[in-house]
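Down below is the structure, laid out as structure tokens.
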Amino acid sequence: MSRVAELVRPARLAPGARVAVVAPSGPVPEERLRAGLDVLRGWDLDPVVAPHVLDRHGTFDYLAGTDADRAADLQAAWCDPAVDAVLCARGGYGVQRITDLLDWEAMRAAGPKVFVGFSDITALHEAFATRLGLVTLHGPMAAGLDFVKNARARDHLRATLFAPETVRVIASGGTPLVPGRATGVTLGGCLSLLAAELGTPHARPSARGGLLCLEDVGEEPYRVDRCLTQLLRAGLLDGAGGVLLGSWQDCGPYERLRPLLADRLGGLGVPVAEEFGFGHCEGALTVPFGVRAELDADAGTLTLERPALR
């Protein structure tokens, strides 16, 4: 079975770059969107808002507009030659409903650019990897509370976008669940989304040789167990080089969750770093997917072989 491959790195952003904000998942709070746009303008970027970002689906109020409109916004933004980066406004749910509506050949022809998001956006991280072969950034979103309110999250994303060589070492300050070092290509995202993606056209069959990043929010321990068990049974974790565990916000007391994570992942025989500071947590770090890196679980560091962006 093939190993996780290193992907093409898009170009870093420069002052004046145009960034499109899209809403492929849940409805977007207008006030937080305005605040996020102000942050982007403060970075000397030129944010443009896709036409349907503030829509709400007429029947399913957990969706930001219709599937067709959300897909059209994302595709138009990606294929616009004047756009240098596409930032998701928020997560929630809805990406899986639109991935098969996108013209991946047209998006591939548009060439590489920066893509940022997390949570439900995990399904797009996987699709961008398998269909476009591009490095993407698992990081704060333009209308997210962390982006608007937290300086650490903003500053780390900003450094990754503008000066990626300054964040070659991502230091979590976390602890080893299983000690050791491992080298591989980063991938992953929200655990429940990775489990839900299994068997779909854009999902990878294996994390062999990869450094798998996992986090989630609002899942009871038994559901975390179920998702991890599904990944194990499906063979996704076979041959993984190492695992990075991010935040488990509202997934129950961590003292209950930690033995479960050790039980499900300890048998892999690879380093596992916990509390790595990415995902649904305050001050979340930006982690690039598709880059070769070294995980030192004892030190709580992820060292990128090359900057995330060119």
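Observations on the model:
- Option label - Kirkwood radius over Cα pairs in Å computed here, alternatives (i) 20.8; (ii) 19.1; (iii) 20.0: (ii)
- Accessible area per residue, Å², region 63-146 with all protein chains present, probe 1.4 Å: 28 Å²
- Equivalent-ellipsoid semi-axes of region 137-263, from the Cα gyration tensor, Å, largest first: 25, 18, 16
- Counted over the chain, the DSSP beta bridges are approximately 40% antiparallel.
- Using the Cα coordinates of region 152-211, the gyration tensor eigenvalues translate into equivalent-ellipsoid semi-axes of 26, 18, 12 Å, sorted from longest to shortest.
- In this simple spin-label model, placing a label point 7 Å from the Cα along the Cα-to-Cβ direction at both residue 152 and residue 61 gives a separation of 3.5 nm.
- What separates the Cα centres of region 171-207 and region 79-126 is a distance of 19 Å.
- Tail fraction, Cα-Cα pairs, region 62-181, threshold 23 Å, whole percent: 36 percent
- The alpha carbon centroids of region 246-310 and region 7-41 are separated by 25 Å.
- Using Cβ point charges alone (K and R +1, D and E -1), the dipole size of region 1-144 about the Cα centre works out to roughly 380 debye.
- Dipole magnitude for the chain: computed about the Cα centre from +1 point charges on Lys and Arg Cβ and -1 point charges on Asp and Glu Cβ, it is near 600 debye.
- Positive-end ranking of 65, 222, 236 along the dipole of the chain, with charges on Cβ about the Cα centre, is headed by 236.
- Under 5 Å, built H, 5+ apart or other chain: amide partners of residue 177: 272, 273, 274
- Assigned charges on the beta-carbon of Lys, Arg, Asp, Glu; region 118-256 dipole about Cα centre (debye): 360 debye
- Environment charge at residue 146 (Cβ cut-off 12 Å; Lys +1, Arg +1, Asp -1, Glu -1): +3
The values are calculated or read from the model by the stated rules, or taken from the named source; none is laboratory data. Treat the numbers as computed from the prediction; the structure is a model and nothing was measured. Cβ coordinates were reconstructed from backbone atoms using ideal geometry, including for glycine residues, and neighbour counts include every protein chain displayed. Side chains are part of the model used for accessible areas, which takes the heavy atoms of the whole protein and leaves out ligands, DNA and RNA. Shrake-Rupley method; radii C 1.70, N 1.55, O 1.52, S 1.80 Å.
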